[in-house]
Amino acid sequence: MKSRASVALSLLLAAGAGQASAAALDASLTNQVMTRVKNSISAQHSTGCVAVVDASGTLLAFQRLDGASPGCVDAAIGKARTSALYHTPSLKFMQRLQSGETTVLAIPHAVALGGGFPLQLQSEVVGAVGVSTPKQELDNQASEAAAQALK
């Protein structure tokens, strides 16, 4: 006769057997995103910082490229966290602020600068990338291109 614990365990395993695993940002995909961004930055003869976070905003990968300003470190990480937590490009927060919506400044963990973009797999946000260079347009371009490459 089976014990209650073994019956409960069998039921839990059976219930979970039919569930599909959730999409996740693994090390290989993280490296692909990092490489794509670094190549975009290098192609523009620029330098900067690149950060990749998971869906909770936890840092998975970061690199400060040669010659990059120390100020880009927190900016890249903040842009990535903003996009991961709010499932939207960080540029949207900047645009809202520029249009006079100053309440954006009170949103927790929101960095109102372009260069953060959500990363999606199977239509689910699994993380985000943040880019900080001396050129705002490069930040947006590189982060969006890396995110689109995963789709």
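For the range 3-56: of the residues being exposed (fewer than 10 other Cβ atoms within 10 Å of the Cβ) and not in a helix (DSSP H, G or I), which is modelled with the lowest pLDDT?
Checked the range 3-56; the qualifying residue modelled with the lowest pLDDT is Gly18.
Taking Ala147, is it in contact (Cβ under 8 Å) with a residue 60 or more places away in the chain and within 19 Å of Ala22 (Cβ to Cβ)?
Against the criterion (in contact (Cβ under 8 Å) with a residue 60 or more places away in the chain and within 19 Å of Ala22 (Cβ to Cβ)), Ala147 qualifies.
Pro70 fails exactly one of the following numbered conditions: (1) under 16 Å from Ala142 (Cβ atoms); (2) free of Cβ contacts under 8 Å to residues at least 12 places away in the same chain. What is the number of that condition?
It is condition (1) that Pro70 fails.
Could you please give the count of residues in the range 57-105 that are assigned to a loop (DSSP other than H, G, I, E, B) and either surrounded by fewer than 22 Cβ atoms within 10 Å (Cβ to Cβ) or of a type in the set (D, E, K, R) (or both)?
14
The values are calculated or read from the model by the stated rules, or taken from the named source; none is laboratory data. Keep in mind that this is a model prediction, so the values were computed, not measured. Note that each Cβ is placed from the backbone with ideal geometry, even for glycine, and that neighbours are counted across all protein chains shown.
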